[in-house]
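Nothing in this text is a laboratory measurement; each read-out follows from the coordinates by a stated rule. For clarity, every value in this text was computed on a predicted model and none was experimentally measured. Positions of Cβ are generated from backbone atoms using ideal geometry, with glycine treated the same way; all protein chains shown enter the neighbour counts.
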Amino acid sequence: MGVSGQRWAVEQVFALARRPSIIAGATAAAVPVLWTSLGCDDRAVWGRYRGSSAEPYDVVADHVEVATRCTCPSRVAPCKHALALLLLWARGQVPQSAIGGSAAAWIDSRRSAAVATPTPAPSPAPSTADAPTPPDPPEPSSRDDRVARMAAGLAELDRWLDDRLRTGLTDPALARYSTWDDLAARLVDAQAGGLANRVRRLAGAVGSAPEWHRHVLAEMGVLHLIARAGGRLRELPPGLGDSVAMAAGWQVRQADVLAGVPETDTWLVLGRSDTREDRIEVRRMWIRGERRGRWAMLLSFAAYRQSLDDSVEVGTRFPADLYRYPGTHALRAILGLRHGAPEPAVHPPGASLTEACAAVGSVVADEPWIEHLAFTVSAAPARLGGRWVLADRSGSLPMVASPAELATLLACSGGTPVVITCEWTPSGVRPLTVHLPDRTVDIGPRADPSFVSGGWSVAS
Amino acid sequence: VSTGTVAEYWEELLTVGLLGTDRRELPSPPEGALADLAADEPRPSPSSRLLQQVAACTAARRAGVLPGPSATVIDPPPPDHRPVTPPEATATWRRIVADWPVLEDEWLLTVTANGWRVSAELIAPLLGRHRTDGVRRARALVAAGPLAQWVADHQPALQGGNGARPDPDAVAALPDLPISPDLLPLVLAPPAESAKVLGARADGEDFARSDLGVLVNLVARMRADALPAVAARLEACVAHSASIGLAHTVADLARLRHRMLTELERR
């Protein structure tokens, strides 16, 4: 057996979808009242879906050696019913029970086939770049198989990019979502869910702004970098290899991260940024150790009507153990044991824009595919050439912010320099937090309250 | 490779990228790291050479990020020497607009009357909420002071609707709310009497869900010193009363209004 039956995260279920429309269909079908005979064990999840047809569909999913079966007429695999079943299971809405009937027969047949044919190795749970970790440790043969599959997918990505640049960005095919979506689906098949997400985001950027081609061409270059580096993982130094693999979508198990040596510090919660990526809301919490000054990023995810993690609050500090994912700069992390209650954070010092650029540059030079980095500067909002920038004596950096975020930054600063935590992105810097002498104002982009549960929102 | 050279080369790459290597020749990279890369790792086709150069150029440009030209700092807003509302009041405003918007007019007027000014982080949400309501927008501008007008001047999205000047009396006055004649005496009644009457009617299942509107209006306009007693009495409504849900809802409003007024008491 490849991996054990730990429950998946919702993002892992979505990563199996061949098309976004299937996610929408699966979400609508993932309602317990539409299902009977639901059950799961450490290998499979099964149930009967009462759809519009006369007979219910028998659905079963092998969540260990990822495979699904459904009696519906759809030729897409996995179909929306299989994804809906996995969604219910991921949300904890499927009871544990003993497998029987046709589900048991199907699982038995898969076991028999696996015994008779030991290779190719089972494929572990699907993944997205930033998604929570997959269930369980793949055995070496499984890992080798996955590396090979990913390498093949990356080679295909590189060929695709090559073809696109031959015909140019003005090729009408590039404006069709299916052009990108087919590639993304193949990357999901190749276990490169992280790149699939990146490709889908890029599809949305085509034609979205007057200068869209600048961003799209640069991102195609970054995809090429990951594809080339991902094909040579074994030749790369360990830290860089880990960074490349994670950028491509390779999952590191949370258990492995938590098995590492913790970094104990008092953590300042300096910024929060929510962004929608495809059908998932992603929250990045930026924290920095008071003693060592190292940044870390805590990620959380929410599908429709789920809640984002709000266990850490901007403007607070708390002592805790932190476990970092592998990588050259190892920004992504998980909080471990907390050694005290949160308390209001002290007013952090702000660097100059030159110092912030130097810090960003040193990280991006090592990992050019990085899309977000945080820094805290002392600067003022200002106008330059018709757009808003952050400015200090050393110069200016263009800002990307919504009118409401910008207005709050203006109000809090009054046009004078203030300490601001920002998120660097390739398109500009996004202000997340204004640190005033007496309080902290969280102005970062907030998840749409009609999409996620919890949190407050004021129309603006 | 100098920054200027990379920037110029990037513009050339963009042109080729837009047209495609089938139609446009690839420019030669500038001397330095980009040219060395092209020489060290020669690629078989123009498109793959373009991809290589785009990747290297993007990495160089992103890693070499530097502050851009200096920008002129904008003129600050005129000073406002009123103290800023306490953080609890900011949190209460958020609760009000989420749950009990009937209290927002009074919140703004109390801020102004008691010599406070609205905390800076509320200016954008306030102006955004009242973009099209001239009276409330004017009330918000008074409560938030010159900083609010300054923010609106810099953010067209927050500027007002039709530009008409609202009636100053309407801006300064708490709007009337309809209250049924049988409840009207409780607006000015002593605390004990208000609590007794409302409690008895709640116990006696005299209130239906449809009465919520008038009860809300009553509590939003009754004497401030009656609020704690009314809230306590409604929370003590007999458990089997059909009005218990309504009683607790109205008690919540009374508690919130009392908290709001306490937080904004004159210093």
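Brief remarks on what is shown
- By definition, a body whose alpha carbon gyration tensor gives a ≥ b ≥ c is prolate when a/c is 1.5 or more and a/b is larger than b/c, and segment A:383-460 fits this prolate description.
- Between 0 and 90 degrees, the angle of helix A:80-90 with respect to the longest Cα principal axis of chain A falls at about 70 degrees.
- Distant-in-sequence amide contacts of residue A:276, defined by a placed amide H-H separation under 5 Å and a gap of 5 or more residues or a different chain, comprise A:282.
- For segment B:230-246, Karplus couplings with θ = phi - 60° (6.51, -1.76, 1.60), whole Hz, Gly/Pro x: 5, 4, 4, 5, 5, 5, 8, 4, 4, 4, 8, 5, 5, 8, 5, x, 4
- A straight line joining the Cα centroids of segment A:257-309 and segment B:238-267 runs 37 Å.
- Built amide H within the under 5 Å cut-off of residue A:443, gap 5+: A:433, A:434
- Cα gyration tensor category, rounded, prolate or oblate, for segment A:1-109 with a/c compared to 1.5: rounded
- Counting only alpha carbon atoms, the long axis of helix A:403-413 and the longest principal axis of chain A meet at about 40°.
- All-pairs Cα distance distribution in chain B, expressed in whole percent, bin size 5 Å: 1, 5, 10, 11, 10, 8, 6, 6, 5, 5, 5, 5, 5, 5, 5, 4, 3, 1, 0
- Note on chain B: with charges restricted to the Cβ of Lys and Arg (+1) and Asp and Glu (-1), its dipole about the Cα centre is near 420 debye.
- Whether the protein assembly as shown is rounded, prolate or oblate, judged on the alpha carbon gyration tensor where a/c under 1.5 counts as rounded: oblate
- Helix content alone sets the calculated 222 nm mean residue ellipticity of chain A: runs of n ≥ 4 DSSP H residues at -39500 (n - 2.57) each, divided across all residues, give -11000 deg cm²/dmol.
- Were the residues from residue B:7 through residue B:187 laid out at 0.36 nm apart, the gain over their Cα-Cα distance would be 57.7 nm.
- Partner shielding of B:18-29 amounts to 3, given as the average count of beta-carbon atoms from other chains within 10 Å of each residue beta-carbon.
- Integer Hz, Karplus 6.51/-1.76/1.60 couplings in order for segment A:282-295, x for Gly and Pro: 10, 10, 10, 9, 9, 10, 9, x, 5, 7, 8, x, 7, 7
- Charge tally in the Cβ shell below 14 Å around residue A:214, where Lys, Arg are +1 and Asp, Glu are -1, residue A:214 excluded: -2
- Length gained when the stretch residue B:224-residue B:248 is fully extended (0.36 nm per residue, less Cα-Cα span): 6.8 nm
- In this structure the amide hydrogen of residue A:67, modeled in the peptide plane, comes within under 5 Å of the amide hydrogens of A:62, none closer than 5 places in sequence on its chain.
- Rounded to 10°, Cα long-axis angle of helix A:212-230 versus longest principal axis of chain A: 60
- Phi-based couplings in Hz for segment B:142-158 (Karplus 6.51, -1.76, 1.60; Gly and Pro marked x): 5, 5, 8, x, x, 4, 5, 5, 5, 5, 5, 5, 8, 10, x, 5, 9
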